[in-house]
Amino acid sequence: MSQSTSGSNIDVASLVEDVNLGRIAQYVLVIIFIGFFLAPLETGIMTAFKTNEAVARSVPLAPPSADGFTWGNMQFALNQLSGAFFNSLFMAIPATIGSVLFGSMAAYGLTMVRWRGQMAMLVLFLIGIFLPYQAVLVPLARFWNNIFPLASMLAPTFAALPFLEAYHSNLVPLIITHIAYGIPICTILFRSYYQSLPSSLVEAAKIDGASISKIYRRVILPISKPMFGVVFIYQFTQIYNEFLFAFTLVTGSDTPEAPVTLILPAVGASTSGIDFGIRMSAAFLAAIPTLIIYVAFAEQFAKGLRTGGG
């Protein structure tokens, strides 16, 4: 009897020793921060399923009541954004693929291949990263509208294509602009990754008689998949959410070729005020493509960060 009592005392004493007040304080602080950062998300979700009257009379964090719950916000927002979704994806996907692919090629040429003027070209890429959008808006608009009206030239071709309309040609200048503006940052990201690769891979391919282009296709591209995931997620998010170039090169939010970023500010707005339930539903729907991209490339994204960081 005395042995069991002494054993239980030892267990309690060891348990008390394991309790670290500092660690408990850390856990409490982490929980507070998690709640602080998730509160706006939870508020948005609750608001998206509330009627406008329920939004006005209820606490933002509280779930909607039985008479304040509605699916109409999501349906209305989806109807408003359906065409804009197609426009944004039609713009963002080829622009992302183009900028990522050209950035990888440029990084390969600036890292794995030695040639004259290499550092000067790298400086130009660095300048391109820090060139502000506002500095090119006026010349960009004049170039695409007056000097080289590519959209009007491609309109008849687009009208003859299936699933497309003539007005989709107005997104082509926007695609080219995003590709050109995205190449510098993609190049720098890929260059940091290629610098971590062993040079023996390229040297062995050269000994085997492979050309520069063949080395890129057969050696560099297969081992660049993780970094492609990182840069693709970054670039797609930037292009899909971009507003300034779209606002400059697209006529307006009431035009059929307007992307999501131009349509979203007007969803839920009327002469009587803003319907916050509809506005929040539209915001969540607009975020779905980027969420899908993150989920689809999550594994490559993690590998790319781990490899790039090493």
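The values are calculated or read from the model by the stated rules, or taken from the named source; none is laboratory data. Please read all numbers here as calculations on a predicted model, not as lab measurements. Note that each Cβ is placed from the backbone with ideal geometry, even for glycine, and that neighbours are counted across all protein chains shown.
Tell me, which helices (runs of 4 or more DSSP H) lie completely within the range 233-301 with 2 or more residues that are without any contact (Cβ under 8 Å) to a residue 60 or more places away in the chain and closer than 21 Å to Ile45 by Cβ? Even if it seems obvious, please write down each step before you answer.
Numbers: elements: 244-249, 260-263, 276-286, 288-296.
Fully inside the range 233-301 and qualifying: 288-296.
Is one or more of the residues making up the range 277-284 polar (S, T, N, Q), out of contact with any strand residue (DSSP E or B) (no Cβ under 7 Å at 6 or more places or on another chain) and buried (at least 20 other Cβ atoms within 10 Å of the Cβ)? Spell out how you get there, then give the answer.
Here is the first cut: in the range 277-284, the residues polar (S, T, N, Q) are 281.
Right, trim to out of contact with any strand residue (DSSP E or B) (no Cβ under 7 Å at 6 or more places or on another chain) and you get 281.
From what's left, buried (at least 20 other Cβ atoms within 10 Å of the Cβ): 281.
The answer is yes, given that some residue of the range 277-284 is polar (S, T, N, Q), out of contact with any strand residue (DSSP E or B) (no Cβ under 7 Å at 6 or more places or on another chain) and buried (at least 20 other Cβ atoms within 10 Å of the Cβ).
Taking the criterion of being more than 25 Å from Leu244 (Cβ to Cβ) and modelled with pLDDT under 90, would at least one residue in the range 130-150 satisfy it? Give the derivation first.
Step one: of the range 130-150, the residues more than 25 Å from Leu244 (Cβ to Cβ) are none.
No: zero hits.
Kindly indicate which of Phe76, Phe33 is in a helix (DSSP H, G or I), hydrophobic (A, V, I, L, M, F, W, C), at pLDDT 85 or above and touching an Asp or Glu at 6+ places or on another chain (Cβ under 9 Å).
Values: Phe33 fails: touching an Asp or Glu at 6+ places or on another chain (Cβ under 9 Å).
Checking each option against the conditions leaves just Phe76.
Being at pLDDT below 90 and among the acidic types (Asp, Glu) is the filter here; which residues of the range 210-254 pass it?
Across the range 210-254, the qualifying residue is only Asp254.
Which of (1) touching a residue at least 40 places away in the same chain (Cβ under 8 Å); (2) at positive phi does Gly209 not meet, given it meets every other one?
(1)
Looking at the range 172-194, is at least one residue at pLDDT below 90 and over 30 Å from Leu89 (Cα atoms)?
Checked the range 172-194: no residue is at pLDDT below 90 and over 30 Å from Leu89 (Cα atoms).
Being in contact with a Phe, Trp or Tyr (Cβ under 8 Å, 6 or more places away or on another chain) and closer than 30 Å to Val138 by Cβ is the filter here; which residues of the range 198-247 pass it?
Of everything in the range 198-247, those that are in contact with a Phe, Trp or Tyr (Cβ under 8 Å, 6 or more places away or on another chain) and closer than 30 Å to Val138 by Cβ turn out to be Val231, Leu244, Phe245.
Being assigned to a helix (DSSP H, G or I), at pLDDT 90 or above and either within 28 Å of the chain's Cα centre (by Cα) or within 27 Å of Pro226 (Cα to Cα) (or both) narrows it down to one of Leu101, Leu122, so name that one. So that I can check it myself, show each step before the final result.
Details: Leu122 fails: at pLDDT 90 or above.
Step by step, each of Leu101, Leu122 is checked, and only Leu101 is assigned to a helix (DSSP H, G or I), at pLDDT 90 or above and either within 28 Å of the chain's Cα centre (by Cα) or within 27 Å of Pro226 (Cα to Cα) (or both).
Out of everything in the range 204-232 that is out of contact with any Ser or Thr (no Cβ under 9 Å at 6 or more places or on another chain) and not in a helix (DSSP H, G or I), what residue ends up being surrounded by the fewest Cβ atoms within 10 Å (Cβ to Cβ)?
The selected residue is Gly209.
Filter the range 125-142 down to residues that are assigned to a helix (DSSP H, G or I) and either of a type in the set (Lys, Arg) or surrounded by fewer than 16 Cβ atoms within 10 Å (Cβ to Cβ) (or both), then give me how many there are.
Counting residues in the range 125-142 that are assigned to a helix (DSSP H, G or I) and either of a type in the set (Lys, Arg) or surrounded by fewer than 16 Cβ atoms within 10 Å (Cβ to Cβ) (or both) gives 12.
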